1. Between a first residue in region 31-54 that is assigned to a helix (DSSP H, G or I) and a second residue that is polar (S, T, N, Q) and at pLDDT 90 or above, which pairs have beta carbons less than 6 Å apart while being 6 or more apart in sequence or on different chains?
2. Restricting region 30-46 to residues that are under 13 Å from Asp82 (Cα atoms) and in contact with a Lys or Arg (Cβ under 9 Å, 6 or more places away or on another chain), which is surrounded by the most Cβ atoms within 10 Å (Cβ to Cβ)?
3. Examine region 128-148 for a residue that is modelled with pLDDT under 90, surrounded by 12 or more Cβ atoms within 10 Å (Cβ to Cβ) and on the phi < 0 side of the Ramachandran plot, and state whether such a residue exists.
4. Give me the residue from region 49-73 that is within 41 Å of the chain's Cα centre (by Cα) and not β-branched (Val, Ile, Thr) and, out of that set, modelled with the highest pLDDT.
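The values are calculated or read from the model by the stated rules, or taken from the named source; none is laboratory data. As the structure is a prediction and not an experimental result, all values here were calculated from the model. Cβ coordinates were reconstructed from backbone atoms using ideal geometry, including for glycine residues, and neighbour counts include every protein chain displayed.
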Amino acid sequence: MPSEIKNATLDEARIRQARAHTQQQADLELREMQTRHGDEVARLQESHTSTLENLKGAYDVQISKEAEMLEEKLHEARLENDARVSAEKKAGEDEVAKTKLGYRQKLEEFRKNSEEQLEALRKQYQAAAEGIQEKARKQSRKEREMSNA
């Protein structure tokens with residue numbers, strides 16, 4: 001019986017370690033995704049800034065209809081870049097949320113399975129303990145009967 005308890009304790013420790021490891025992996029992957037997303041947003045912002053600066057330089061050089069055309073293009077580029085940045089940001093946030101949800105579901109499933117395993121082991125040990133107690137009672141009765149006889 002002590003070896004069974006020891007095995008159950010070891011199993012429970014392994015389960016905790018596995019759960020902690022899975023959580024660490026999820027956190028690491030989440031941080032990596034956030035870093036990539038941040039880098040991509042920064043790149044898009046730098047690209048937007050560069051485009052904006054180029055358009056402003058062209059505006060300073062040319063005055064008249066060409067300047068108005070460039071101003072219109074600048075406005076369109078801003079709108080497109082803003083839309084692109086928003087779309088990329090939303091896609092990144094959606095991906096992060098999706099990944100978080102996936103890991104939460106995996107962790108919850110793992111937690112549920114672990115709890116079920118622990119409950120099964122508890123029941124098994126409870127049944128074994130009750131069996132041992134019953135044997136001890138029977139043995140005690142036999143000894144009393146033998147000593148009374």
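1. Filtered contacts from region 31-54: His48/Asn81.
2. Step by step, filter region 30-46, then rank; the result is Leu44.
3. Yes, the conditions are met somewhere in region 128-148.
4. Residues of region 49-73 that are within 41 Å of the chain's Cα centre (by Cα), as a first pass: 49-53.
Subsequent filtering for residues that are not β-branched (Val, Ile, Thr) retains 50, 52-53.
Values: Ser50: 91, Leu52: 85, Glu53: 86.
By that ranking, first place goes to Ser50.
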